[in-house]
1. Quick test for you: out of P362, P407, P345, pick the one residue that is surrounded by 15 or more Cβ atoms within 10 Å (Cβ to Cβ) and outside any helix (DSSP H, G or I).
2. Quick one: how many residues across the range 170-215 are surrounded by 13 or more Cβ atoms within 10 Å (Cβ to Cβ) and part of a helix (DSSP H, G or I)?
3. Please specify each residue of the range 95-126 satisfying the condition of being among the small types (G, A, S), buried (at least 18 other Cβ atoms within 10 Å of the Cβ) and closer than 19 Å to S79 by Cβ.
4. Going by the structure shown, is N242 surrounded by fewer than 20 Cβ atoms within 10 Å (Cβ to Cβ), more than 25 Å from V102 (Cα to Cα) and not assigned by TED's automatic domain parsing to the domain that holds A413?
5. Could you tell me whether A83 is buried (at least 17 other Cβ atoms within 10 Å of the Cβ) and under 24 Å from F190 (Cβ atoms)?
6. Show me the strands (runs of 3 or more DSSP E) found entirely inside the range 35-144 where at least 1 residues are modelled with pLDDT of 95 or more, closer than 30 Å to D203 by Cβ and assigned by TED's automatic domain parsing to the domain that holds K19.
7. Could you say which residue among V250, V226 is under 15 Å from H285 (Cβ atoms) and touching a Phe, Trp or Tyr at 6+ places or on another chain (Cβ under 9 Å)?
8. Of (1) assigned by TED's automatic domain parsing to the domain that holds T144; (2) of a type in the set (A, V, I, L, M, F, W, C); (3) within 23 Å of the chain's Cα centre (by Cα); (4) buried (at least 18 other Cβ atoms within 10 Å of the Cβ), I167 satisfies all except one. Which?
Amino acid sequence: MYLCPMSYITQNQQSFLRKLGIENLNPMQEEAGLAISSSDNVILLSPTGTGKTIAFLLPILNNLIFDCTEIQALIIVPSRELAMQIEKVARDMGTGYKINAVYGGRSGSQDRLDLKHRPAILIGTPGRVADRLRRDNFSTDHLTTIVLDEFDKSLEVGFEKEMTEIIHALPKIQKRILTSATQEIQIPDFVGLQNPVQIDYLDQVTSKLTIKKVVSDTKDKLPTLVQTIHHIGNQPGIIFCNFKDSIQRVSKFLKENKIDHGCFYGGMEQKDRERSLIKFRNGTHQIIIATDLAARGIDIPEIKYIIHYHLPIKSEEFTHRNGRTARMNADGTAYIIQWKEEDLPDFIDEIETEELSDAPIPKRSDWKTLFISGGRRDKISKGDIAGLFFKQGKLHKEELGIIEIKPDCAFVAVKASKAKKVIEQVNNTRLKKKKVRVSII
């Protein structure tokens, strides 16, 4: 892939990127950064997975006043997972600025604690940000930049009341940045966007997405779904359903057919949603069944396929779902399971039919996920955890997988064959100054 030279990047920003393992920006990030640095109103359109978060964070960081003790930039997102993802990226940059996220599912007391000392950048969902603006007596005099990430979702009718309230509460806004992987809505007047510069890469990123249909002879498509999973084999993928009840029904059927998987939808407890994504990221689960909540803004690795068990009603959600695979220049396949009496919607062109092979059930994952009852607030690092598992847990390097650290806990992938023995050896031991419990989730 061609990479642009970082012509507008400062030495500090180069350091931020190196901490993320990025050597150069791609053309979209370069152009977007220049536009955001020089213009007050920018619309950034680029497919899922092209790095829009980096594209807007770098110029925002460049404009922050280091010794300012008030919030200077606000990033509004449509889901808590996207808020958490942006917060993680910003923190991993090691900028020296305080950055916090607020969203539903978090306690109000934790919000108040985080906002007692103001972050330079606040990230949040519309409802929670509006609530904090109502409840917390903090100054907005220095809050001059607002980002509406995935604006086609955050400006939908359901968020209009909160979005109007937020923007009216921020009289000092000078810079407005709107991003999306689709462009399907009219931007409301209350956003205050005037003569925006538009950066549009929607048709310029080469995607190797293949869309195929699998025909089901019966209206109940569950047996065809299982056969499709067998046909695809051991590859990471997402099964999309339209309703949580459908997810529960599909999940029950996959369990009966001994297919390991996770679930992800709005009605789940926040803790369970996070753990589903963690187990998907570290390979404990190869498959996750999800609503459109997983179609955008979640932190997951490259996946090889998605399955539309149900098709979405709107074309933009079809685009966002498909954007989970074949990201950037990678290849991937979107399968549509279609009952033979069912018509495809107008937004889908004629597509190839996939003939399913008679394949065996995919093998179970080699990994298990362990929970550790200590995290960032206990000054525990990934190196501390790896050291404990290598030295006291007696694991070899290839038997330890991805480590994820949260404020109050951590999660570790270990080879399934070693999980029980490792727990016996490291449970109730000390990490730094904290005695931790270790268990399988």
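1. Among P362, P407, P345, only P362 is surrounded by 15 or more Cβ atoms within 10 Å (Cβ to Cβ) and outside any helix (DSSP H, G or I).
2. 2
3. Let us first name the residues in the range 95-126 that are among the small types (G, A, S), namely 96, 101, 104-105, 107-109, 120, 124.
Now drop any that are not buried (at least 18 other Cβ atoms within 10 Å of the Cβ), which leaves 101, 120, 124.
Within the range 95-126, A101, G124 qualify.
4. Working: surrounded by fewer than 20 Cβ atoms within 10 Å (Cβ to Cβ): yes; more than 25 Å from V102 (Cα to Cα): yes; not assigned by TED's automatic domain parsing to the domain that holds A413: yes.
The answer is yes for N242.
5. Here the answer is yes, as A83 does meet what is asked.
6. Values: elements: 41-45, 73-76, 99-102, 121-124.
Here the list reads 41-45, 73-76, 121-124.
7. None of the others qualify; the one that does is V250.
8. With (1) assigned by TED's automatic domain parsing to the domain that holds T144; (2) of a type in the set (A, V, I, L, M, F, W, C); (3) within 23 Å of the chain's Cα centre (by Cα); (4) buried (at least 18 other Cβ atoms within 10 Å of the Cβ) applied to I167, the lone miss is (3).
The values are calculated or read from the model by the stated rules, or taken from the named source; none is laboratory data. Predicted, not measured: the structure shown is a model, and the values here were computed from it. Note: ideal-geometry Cβ built from the backbone for every residue, glycine included; neighbour counts use all protein chains shown.
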